[in-house]
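Notes for the one structure printed next.
Since every read-out is calculated from the coordinates, none of them should be taken as a lab result. Since the model is a prediction, treat every value here as computed from it, not as a measurement. Neighbour counts are summed over all protein chains in view; Cβ atoms, including those assigned to glycine, are modelled from backbone coordinates with ideal geometry.
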2 protein chains.
Amino acid sequence: MAHQSKRTTLGEIGEHAAIRVIREECPSRNNGDDAAVLNQPAPNTRPVVATDMLVEDRHFRFDWSTPEQVGIKAISQNFADIEAMGARPTAALLALSAPKDTDVEVLRGIARGIQQALEPFSAQLIGGDITGGEKMVLAVTALGQLGGNRKELRLDAARPGQKVVANGRIGWSAAGLALLRKFEEIPEDLRPLVEHHCAPRIETNRGVIARATGATAMTDNSDGLIQDLRLIAERSGVGIDLKSHAIFPDELLCRAGKLTGIDPWEFVLSGGEDHTFLATTSKETPTGFRDIGRVNKNTGLVTVDGLPPRHEAGWVSF
Amino acid sequence: MAHQSKRTTLGEIGEHAAIRVIREECPSRNNGDDAAVLNQPAPNTRPVVATDMLVEDRHFRFDWSTPEQVGIKAISQNFADIEAMGARPTAALLALSAPKDTDVEVLRGIARGIQQALEPFSAQLIGGDITGGEKMVLAVTALGQLGGNRKELRLDAARPGQKVVANGRIGWSAAGLALLRKFEEIPEDLRPLVEHHCAPRIETNRGVIARATGATAMTDNSDGLIQDLRLIAERSGVGIDLKSHAIFPDELLCRAGKLTGIDPWEFVLSGGEDHTFLATTSKETPTGFRDIGRVNKNTGLVTVDGLPPRHEAGWVSF
């Protein structure tokens, strides 16, 4: 290489300097003591909290994702869980295990991605932990606030007769992953699929709006559309029927399917990690959502146009 | 072996059954949705939150610790951070990465240890995440409540003239670790040191009581006595002088020192992971605490009987 900048590693700078790097990128007055003390919550709100872990080479790979993208993904998937209760994400913590030869710039990039994903929510990184380890592991905890007395959006609260509504892409993440697995160079026009896989973005306030307008059940598709909806179906004791025309693979998914030799319906039905919001409601479709199906009485069953789905596998943790 | 029970692994039972095992051992009505919704906090309280990661073979080893002990340690070290703000721990989340050949009974043991450590605090495990990985990594997030308007106990709030007070053993964890490193069989009378290393226990409400009785600064010794106090000294712009007679190595530490060839003062001054509560106060020594030194004006300096400490290294993360 004509020019190579000097690499500094986490092992060289040590824990305290590493924490300083994160705090430079993610400033917060709550951070820096044994624990973070938050402001007194607004009256009539309840705290909401979730945690999700990302393991290098299982949930992300640095030859596919930039450090910034890893940071964005870590926040998006956690904040999606907060929104899926109908709550507003307000803060995050990062526990990070990283090999000592990790480049400080990788850490800085992750922190920058975290900050980028936090900003639309006006949320802050308020604390964390950093330690050595063989593979990089990020555990993000997301905190949020659920305002008012209305019930939170629960997995067990879908009712027969309701509409099933969705906000966000379905299947793009799985298609992006399939492309990364197959090609070194991704065709320019298919880059959005890869971007969606590496750094999924969620629209702010979708959970809050869905709850305010009368939705009762909600989740985000993290494990696969059919699998995530089946969890709602089972917990609620209902069935869900999707309309194929409403979830039909779009042009990009079809192109990715052709290039990878994978049925694009597999991206849609089995692909997870889109963090699409899926809700059920008896009221009007909330702003930003579209109708994709109906809740019925076929306890625990998820169908497409009344038939068993062509694909229904999903994310396997082990 | 005369008898060997059939081993079942996480890979065999899968994520959902693994979560069921944890929930059997750690029951909570808040757990089980995308995120946990907590009860509305008591009026005039602020939420407090901290996270800490334990990496297999760095923070614990299964040939040294039982799964129960790992669970206890994970909660104790996180709850110590909550108490160190003067707050009351109320709940925890567990994000766990584990190899797929992990015995289900190991998971059950960890969950049982977590529950055991939560119970004295009337706290609950309210959520988490479980995924595969090469080494076991536990990231626990602890939540707590800080009641009333009095300031939280901060690292930067020590003032010259105050007493330095401590609750809990100092040096036992490091001595236990030194014994584990040196011996296959630990002499019976030294087992308490090893137990203290593998499964540290913290006394409930020490932070709350210290704050209520006028303490201003507090931390737990996690990285080493001198190192942790130096952080208070630096942040507060003060010095701290310890009285050697108040932290003199006890009989067990001296025996462990003799057997391992390590100066027992090293256990006391450099050993971390005891999670001893260290506070400063101008008022009476809080119940359960003892005087170990004085705050002075020697900015950033920690001394013992006015002299530089014999040992001052501490935990190194990388």
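Some values worked out for this structure:
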| quantity | calculated |
| --- | --- |
| Tail fraction, Cα-Cα pairs, the range A:207-270, threshold 19 Å, whole percent | 47 |
| Shielding by partners, peptide A:94-101 (average Cβ within 10 angstrom, other chains) | 4 |
| Label point 7 Å beyond Cα along the C-beta direction, distances from B:K151 to other copies (nm, shortest first) | 4.6 |
| Estimated inter-spin distance, A:E24 and A:T213, nm [label 7 Å along Cα→Cβ] | 4.4 |
| Per-residue Cβ neighbour rank within 10 angstrom, fewest leading, A:H197, B:H311, B:H59 | B:H311, B:H59, A:H197 |
| Dipole moment magnitude, nearest 20 debye, the range A:190-293 about Cα centre, only Lys, Arg, Asp, Glu C-beta charged | 220 |
| Per-q log10 I(q)/I(0), the range B:163-304, q = 0.10 Å⁻¹ (Debye; single scatterer per alpha-carbon; no solvent) | -0.33 |
| Lys/Arg +1, Asp/Glu -1 at C-beta; the range A:163-304 dipole; positive extreme among A:S236, A:L190, A:I202 | A:S236 |
| Copies compared at A:I13 - label distances in nm, ascending, label defined 7 Å from Cα in the Cβ direction | 4.2 |
| Using a 7 Å Cα-to-Cβ projection, A:T66 label spacings across copies, nm, ascending | 5.1 |
| Residues listed by number, the range B:20-37, amide nitrogen under 14 Å from A:D156 label point at 7 Å toward C-beta | B:28-34, B:37 |
| For chain B, built as a Gaussian network whose Cα springs stay under 10 Å, the top-fluctuating residue of B:N149, B:N31, B:N296 | B:N149 |
| Per-residue mean of C-beta atoms belonging to partner chains within 10 Å, peptide A:167-176 | 0 |
| Rg/Rh (Cα only; Kirkwood hydrodynamic radius) as it applies to the range B:58-217 | 1.02 |
| Inter-chain Cβ neighbour average for residues A:140-149, partner chain, 10 Å | 3 |
| Dipole magnitude of the range A:17-159 about its Cα centre (Cβ charges: Lys, Arg +1; Asp, Glu -1), debye to nearest 20 | 620 |
| Two-site FRET efficiency, A:I13 against B:E284, from Cβ-Cβ distance with R₀ of 41 Å, rounded to 0.05 | 0.45 |
| Solvent-free Debye scattering, log10 I(q)/I(0), computed from the Cα coordinates of the range B:64-145 at q = 0.12, 0.14, 0.19, 0.21 Å⁻¹ | -0.32, -0.44, -0.77, -0.91 |
| Antiparallel DSSP beta bridges within the range A:14-147, percent to nearest 5 | 70 |
| Given charges at Cβ of Lys, Arg, Asp, Glu: the protein assembly as shown dipole, positive-most of B:G127, A:A215, B:C26 | A:A215 |
| Two-decimal log10 I(q)/I(0) for the range B:79-121, as the Debye equation yields it once each C-alpha is a single scatterer, q = 0.25, 0.26, 0.27 Å⁻¹ | -0.92, -0.96, -1.00 |
| For chain B, built as a Gaussian network whose Cα springs stay under 10 Å, the top-fluctuating residue of B:A111, B:A42, B:A18 | B:A42 |
| Taking N as its residue count, the alpha carbon Rg of the protein assembly as shown over 2.2 N^0.38 Å | 1.00 |
| For the range A:2-107, alpha-carbon Rg relative to the globular expectation (2.2 N^0.38 Å, N residues) | 1.27 |
| The range B:34-41 - phi-based ³J(HN,Hα) in whole Hz, Karplus 6.51/-1.76/1.60, Gly and Pro as x | 4, 9, 9, 9, 8, 5, 4, x |
| Proximal lysine pairs, the range B:163-304, alpha carbons under 17 Å, eight or more residues apart or interchain | 5 |
| Gain in span if fully extended, B:D250 to B:T299, counting 0.36 nm per residue against the direct Cα distance | 14.6 nm |
| Rg(Cα) / (2.2 N^0.38 Å) computed for chain B, rounded to two decimals | 1.03 |
| Cubic angstrom per residue, convex hull over Cα atoms of the range A:107-176 | 209 |
| Least to most buried among A:E266, A:E25, B:E185, A:E203 (fewest other Cβ within 10 Å first) | B:E185, A:E203, A:E25, A:E266 |
| Only Lys, Arg (+1) and Asp, Glu (-1) charged, at Cβ; the protein assembly as shown dipole about Cα centre in debye | 1760 |
